[in-house]
Amino acid sequence: MKEKYKYLTKNVLIFAVSSFGTKFLSFLLVPFYTSVLTTAEYGIADIITTTATLMMYICTVNIADAVLRFAIERKKDQSEILVFGIRVLFIGSLVAILFLTITAQLRIADWPLMYYIFIFLYFWSTALYQIMTSYLRALDKVMEVAVAGIISTAAMIAGNIIFLLVIKIGIYGYLISMVIGPLIASIYCIAKAKVKGRDYIKSVCSTAVQKEMLQYCAPLIFNNIALWINAFLDKYFVTAICGVEANGIYAVASKIPTILSTFYTVFSQAWTLSAIREFDVEDSDGFFGKTYKIYNAAITMVCSVIILFNVPLARILYAKDFFEAWNYSSVLLISIMFNAMTAFLGSIFSAVKDSKVIASTTVVSAVCNIVLNALLIPKFGVLGAAIATVASYMVMWALRLGYAKKYIKMSVSLVKDCIVYVLLIAQVALEHTADHGYIGQVVIVIAIIVIYRKYVGAILGQLLQKVKAKMSRG
């Protein structure tokens, strides 16, 4: 099992170097955005990128997921699998152009033509980036994927500085930056993929492989649409019911939770590769079960600590009217925590190629999200949207945990975990009291650490071993 953890740890560290650097830089830009853009401008930009994300799920039929899964499995057909993925993207692009043209002509939204153009550009550049990074991950070129992430963020930040601070073109400058980041990173990935130019034109994988890839992707369309509903539909509800300014505040509220999402994204990228390589239905060496417990403990403790510092961070990051976003950040942190656990469990279904379970559990969760948004937002406003998001991810986590037992005999500490989840909800409630309940919050943070002390020791022990090993080599 040491080799399994060695492979997982190596990938986690590589993705961490990339993600923490890029996310930290993006995090520092939040005060810049909130001071340069109005709440309405930020709300519109958020709707544009959100719409483009939905189109990416539908128009590309999630081909990036199939590129990763099948390129890992079929060593001889890897370049052909990538080329098929690119061709699917180009076909999907034509569909996207047709849809946006019709939408613009019908004037469903009273937007200038440039907004529709930016929807397409963000859709295309992000979809290409996902396909290329999925392919590099399948080739085990994890370092190259990490570098691509750094390039994407660096280009985006440079664009923001030039277009927002120097040229000062407002929302258009922000949108241009969001497009050029993944586009430049994709060019780097294409160079590192080392697929010959003529292969993109002539190479093609067998009809049987294409069919199998599309069969794997098809249920993931519903899955990703449902994920989009969980993550983004509430923004349309908020915009319609509370106004575009309120959506701008709600969009900014997700910035502090990105600290936690960075942790789980880093791990999830590395874990997916390990889960596919090391899947064992009996979990005979406890690799899956032990990893789940340590991961759950780490994510939960980090979540609790961030909630403790939520208001002080908001005072630093959120300028002007954006400050009230702190009310929703801590609630969204809990939704990120449950999303992190569902992602871990989803990797099990990816390993056994059962994308139908991934889709069905997410669809049920999305239905809950829609119903709760309709019920809670008119009554509680933006806070209702945040609560609906938490509840929907909680449902998805519970369903996937139940289904996972059919595929693998994985040991979990369900009672202990649920006690900690209740403590986190209590911590958020304390935060919303008059003095933010800091004393009570600190007590809860300590209580969670005590409950998970066994895993804290395991994590610290691993870190100390690595430090000692490096010192001895030095």
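No value in this document is a laboratory result; all are computed from the given coordinates. These numbers were taken from a predicted model, which means no experiment stands behind them. All Cβ positions, glycine included, derive from the backbone under ideal geometry; neighbour counts span all protein chains shown.
How much of the calculated P(r) for region 232-274 lies past 14 Å, in percent of all Cα pairs?
Considering region 232-274, 59 percent of its Cα-Cα pairs are separated by more than 14 Å.
Which of the peptides 188-197, 84-93 is most tightly packed, and how do the rest follow, going by the mean number of other Cβ atoms within 10 Å of each residue? Show your work: numbers first, answer last.
On the way: 188-197: 15.1, 84-93: 19.3.
Ranking the peptides 188-197, 84-93 by packing returns 84-93, 188-197.
Semi-axes of the equivalent ellipsoid of region 385-433: what are they in whole Å, largest first, if each equals the square root of 5 times a C-alpha gyration tensor eigenvalue?
26, 15, 4
Apply the Karplus curve 6.51 cos²θ - 1.76 cosθ + 1.60, θ = phi - 60°, to the phi angles in region 213-225 and return the couplings in whole Hz, x for Gly and Pro.
5, 5, 5, 5, 6, 3, x, 5, 4, 5, 4, 6, 5
Based on the Cα gyration tensor of the chain, what are the three equivalent ellipsoid semi-axes, each the root of five times an eigenvalue, rounded to whole Å and given largest first? Intermediate results must be reported in sequence, preceding the final value.
On the way: eigenvalues 197, 190, 99 Å².
Working through the eigenvalues yields semi-axes of 31, 31, 22 Å.
How large is the translational diffusion coefficient of region 304-440 in µm² per second when you combine the Kirkwood radius over alpha carbon pairs with Stokes-Einstein at 4 °C and 1.567 mPa s?
So the translational diffusion coefficient is about 79 µm²/s.
Hey, could you get me the Stokes-Einstein D for region 124-206, Kirkwood radius over alpha-carbon pairs, 10 °C and 1.306 mPa s, rounded to whole µm² s⁻¹? Don't skip to the end; give the middle numbers.
On the way: Rh = 13.7 Å.
Answer from the Stokes-Einstein relation: 116 µm²/s.
Given C-alpha coordinates of region 55-197, what is the ratio Rg to Rh with the Kirkwood estimate of Rh?
Over the Cα atoms of region 55-197, Rg/Rh equals 1.03.
At 0.36 nm per residue, minus the direct Cα-Cα distance, what do ILE162 and ILE102 gain on full extension? Give it in nm, one decimal, please.
Values: separation 60, 0.36 × 60 = 21.60 nm, distance 3.32 nm.
Gain in length upon complete extension: 18.3 nm.
Multiply the residue separation of HIS432 and LEU214 by 0.36 nm, subtract the distance between their alpha-carbon atoms, and state the gained length in nm to one decimal.
Length gained between HIS432 and LEU214: 73.8 nm.
Against the 2.2 N^0.38 Å scaling, with N counting residues, where does region 272-373 land? I'd like the Cα-based Rg ratio to two decimal places.
Normalised by 2.2 N^0.38 Å, the Cα Rg of region 272-373 equals 1.38.
If you take the Cα atoms of region 111-156, find Rg, then find the Kirkwood Rh from the mean of 1/r over all pairs, what is Rg/Rh?
Reported Rg/Rh (Cα atoms, Kirkwood Rh): 1.14.
Would you calculate the convex hull of the Cα atoms in region 219-321 and tell me its volume per residue in Å³? Each step should come with its number before you reach the end.
Values: hull volume 13.1 nm³, N = 103.
Once divided by residue count, the hull of region 219-321 is 127 Å³.
Rounded to the nearest Å, what's the spacing between the alpha carbon centres of region 229-253 and region 120-174? Just the number, please.
Going from one Cα centre to the other spans 24 Å.
Step through the table entries LYS141/LYS211; LYS196/LYS405; LYS255/LYS406; LYS290/LYS379; LYS4/LYS406; LYS353/LYS379, compare each Cα-Cα distance with 32 Å, and write down the pairs that go over it.
Where the Cα-Cα span goes over 32 Å, the pairs concerned are LYS196/LYS405; LYS255/LYS406; LYS290/LYS379; LYS353/LYS379.
Per residue, how big is the convex hull around the C-alpha atoms of region 76-153? Give it to me in cubic angstrom, could you?
Output value, Cα hull per residue: 84 Å³.
With the cut-off at 17 Å, report for region 319-362 the share of all Cα pairs above it, as a whole percent.
When all Cα pairs of region 319-362 are counted, 51 percent exceed 17 Å.
Per the Debye formula with a single identical scatterer at each Cα and no solvent contribution, what log10 I(q)/I(0) holds for region 60-101 at q = 0.29, 0.32, 0.34 Å⁻¹?
Per q value, in the given order, log10 I(q)/I(0) is -0.91, -1.02, -1.09.
Please report the projected area of region 161-291's Cα convex hull averaged over all directions, in nm².
With the hull built on Cα positions only, its mean projection is 13.7 nm².
Show me the ranking of peptides 149-159, 427-437 by mean Cβ neighbours inside 10 Å, starting with the highest.
149-159, 427-437
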